[in-house]
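Notes follow the structure.
The values are calculated or read from the model by the stated rules, or taken from the named source; none is laboratory data. Source: prediction; values computed, not measured. Ideal geometry is used to build each Cβ from the backbone, glycine not excepted, and the neighbour counts take in all protein chains shown. Keep in mind that these areas ignore ligands, DNA and RNA; they rest on the heavy atoms of the full protein, side chains included. Shrake-Rupley method; radii C 1.70, N 1.55, O 1.52, S 1.80 Å.
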Amino acid sequence: MTLVYFNNCALDAQGRLNPFFRQEYPWLTAQGEDVVAVCRFGACRCRAGDKAPFALSRPGCASLRAFLRAPFQREVWSELRRMAQARRLTPVGFLKLLMFVQRGLKMELWAERMLDGRTEALSLYAYWMSYDAYAAALFKRRHPQARLAVRGHAYDVDVARNPMNPYLMKRLIAQAADAIYPISQAARAQYLSYMGGAVEEAKLRVVLPGSAGEPVDVSPEAPMEKDGVLHIVSCARLIPLKRVELLAGALARWQGMCVHWTHIGGGEGEAALRALAEETLDRRENVVLDLLGDQTPEAVEALYRSRPFDLFVNTSRTEGVPVSIMEAMRFGIPAVAPRIGGIPELIRPETGILFDADAGEEGVLEALERFCALAPAQRRAMRRAAKSLWDERCYLGRLMGVVLEKEADGCAS
């Protein structure tokens, strides 16, 4: 079996694995399949035991050929008519559509050349419902015997995030795909809001993106019950979208027990967060902050194994289904997060606490206070529920079996 993996950001220009591909890579190659990975920088073959960085191939003058072919694709004119009918057709939109098509054509040409005519026993998997899924759909049109599975996340289906989504070959992709896997009920609803009758709903099955690693044994006892300190962890890039400063602001007003906050992740806002912490938190005797900066996935897992935490906190403005929350739940850590995207499908009353995304620092503070007001037995139950949810619905090894139809659909909803 040959698996052609379409993911525009699977590898960087140096052939190093993107975090999304890194999660799935061990499972995909462990199945004994010949994996052809196709991204926006080129294509390569991956087999079990191979180590990145990979030497990316860009065969066949694909970029030039795709550029010349893009305006003559019949789907382009279908999408332009739909944009015109919806009064969405603008010069910028036209150029975005052409760029989308050119990128998809290029990836499809690379995939064809990498296979070199060996097209028996093919399986196609598009990680994003973007131009990589368009490339996979074009490939499927040439090789109808292949099975095509497509995931749908947030930016690649949500009109609020990208108004062009309804006009970026979603109908062609829906027609070609054998199975479509939105990562949440919210993503499914966003997708169907503009697809109308253009997709067979029987093809749609919600499957969470999952997180890497095997199930672990964890103590249901909250660390705060042992030392009287609330151990908080957050994990996010320090960019405006993630709004980590809201947690800093909430803790600056915190009047409860001592708090030890550990943040994982760096980014453009790291200096600003450090300055804010020095100004508002360093003077307080009941809050300690560890800013760890960027960490490897292995280091994050080692941290969760060696340092118990009471609570994971997410403060994002917008999300799909955050892998960071799932990684924490694997270790039985409940979460506090905004009521946005697919987060409510992870954080239920039994696994954590939601707050209004528009409530700002006040919403974060109130959620922390609610968590601390729980009885010890309630917190222990919450930890058990968080771990159970990960085992049942977030274990990537099982989810990949569902997506590629190598395991029963026990994880989908």
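Overview of values
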{"item": "Residue under evaluation Met382, criteria (1) closer than 20 Å to His153 by Cβ; (2) surrounded by 23 or more Cβ atoms within 10 Å (Cβ to Cβ), criterion not met", "result": "(1)"}
{"item": "Contacts under 6 angstrom Cβ, first residue in segment 333-346 being farther than 17 Å from Ala236 by Cα and without any contact (Cβ under 8 Å) to a residue 24 or more places away in the chain, partner β-branched (Val, Ile, Thr) and assigned to a loop (DSSP other than H, G, I, E, B), 6 or more apart", "result": "none"}
{"item": "Residue among Ala146, Ala111 that alone is in contact with a Ser or Thr (Cβ under 7 Å, 6 or more places away or on another chain), more than 25 Å from Arg82 (Cα to Cα) and aliphatic (A, V, I, L, M)", "result": "Ala146"}
{"item": "Condition check for Gly410: under 22 Å from the mean Cα position of the chain (by Cα), open to solvent by less than 20 Å² (accessible area, probe 1.4 Å) and at pLDDT below 95", "result": "no"}
{"item": "Of all residues in segment 143-181 being out of contact with any helix residue (DSSP H, G or I) (no Cβ under 7 Å at 6 or more places or on another chain) and over 18 Å from Lys203 (Cα atoms), the one that is most open to solvent (accessible area, probe 1.4 Å)", "result": "Tyr155"}
{"item": "Number of the condition not met by Ala359 [criteria: (1) open to solvent by less than 30 Å² (accessible area, probe 1.4 Å); (2) part of a helix (DSSP H, G or I); (3) on the phi < 0 side of the Ramachandran plot]", "result": "(1)"}
{"item": "Pairs, first within 14 Å of Leu311 (Cβ to Cβ) and in contact (Cβ under 8 Å) with a residue 24 or more places away in the chain in segment 372-390, second open to solvent by 30 Å² or more (accessible area, probe 1.4 Å) and small (Gly, Ala, Ser), C-beta under 6 Å, six or more apart", "result": "Cys372/Gly256"}
{"item": "All positions within segment 123-142 that are open to solvent by 10 Å² or more (accessible area, probe 1.4 Å) and closer than 19 Å to Val35 by Cβ", "result": "Ser123, Trp128, Lys140"}
{"item": "Yes/no for Arg69 being under 20 Å from the mean Cα position of the chain (by Cα) and open to solvent by 60 Å² or more (accessible area, probe 1.4 Å)", "result": "no"}
{"item": "Test: residue in segment 250-260 that is β-branched (Val, Ile, Thr) and buried (at least 20 other Cβ atoms within 10 Å of the Cβ)", "result": "yes"}
{"item": "Output for segment 204-235, where each listed residue is among the β-branched types (Val, Ile, Thr) and either more than 25 Å from Tyr395 (Cα to Cα) or open to solvent by 40 Å² or more (accessible area, probe 1.4 Å) (or both)", "result": "Val218, Val229"}
{"item": "Any chance Trp128 is closer than 20 Å to Leu11 by Cβ and among the aromatic types (Phe, Trp, Tyr)", "result": "yes"}
{"item": "Selection status of Glu201, more than 22 Å from the chain's Cα centre (by Cα), among the charged types (D, E, K, R) and either on the phi > 0 side of the Ramachandran plot or exposed (fewer than 13 other Cβ atoms within 10 Å of the Cβ) (or both)", "result": "yes"}
{"item": "Among the candidates Leu246, Leu238, residue that is outside any loop (DSSP other than H, G, I, E, B), surrounded by 15 or more Cβ atoms within 10 Å (Cβ to Cβ) and of a type outside the set (S, T, N, Q)", "result": "Leu246"}
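Table: residues versus (1) in a helix (DSSP H, G or I); (2) closer than 30 Å to Glu298 by Cβ; (3) in contact (Cβ under 8 Å) with a residue 40 or more places away in the chain.
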| position | (1), (2), (3) |
| --- | --- |
| Arg45 | no, yes, yes |
| Ala48 | no, yes, no |
| Gly60 | no, no, yes |
| Trp77 | yes, no, no |
| Leu89 | no, no, no |
| Val92 | yes, no, no |
| Val101 | yes, no, yes |
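Conditions tested, residue by residue: (1) free of Cβ contacts under 8 Å to residues at least 40 places away in the same chain; (2) buried (at least 16 other Cβ atoms within 10 Å of the Cβ); (3) out of contact with any Gly (no Cβ under 7 Å at 6 or more places or on another chain); (4) hydroxyl-bearing (Ser, Thr, Tyr).
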residue: His263; (1), (2), (3), (4): yes, yes, yes, no
residue: Gly269; (1), (2), (3), (4): yes, yes, yes, no
residue: Ala275; (1), (2), (3), (4): yes, no, yes, no
residue: Val287; (1), (2), (3), (4): yes, yes, yes, no
residue: Asp294; (1), (2), (3), (4): yes, no, no, no
residue: Glu298; (1), (2), (3), (4): yes, no, yes, no
residue: Ser324; (1), (2), (3), (4): no, yes, yes, yes
residue: Arg330; (1), (2), (3), (4): no, yes, no, no
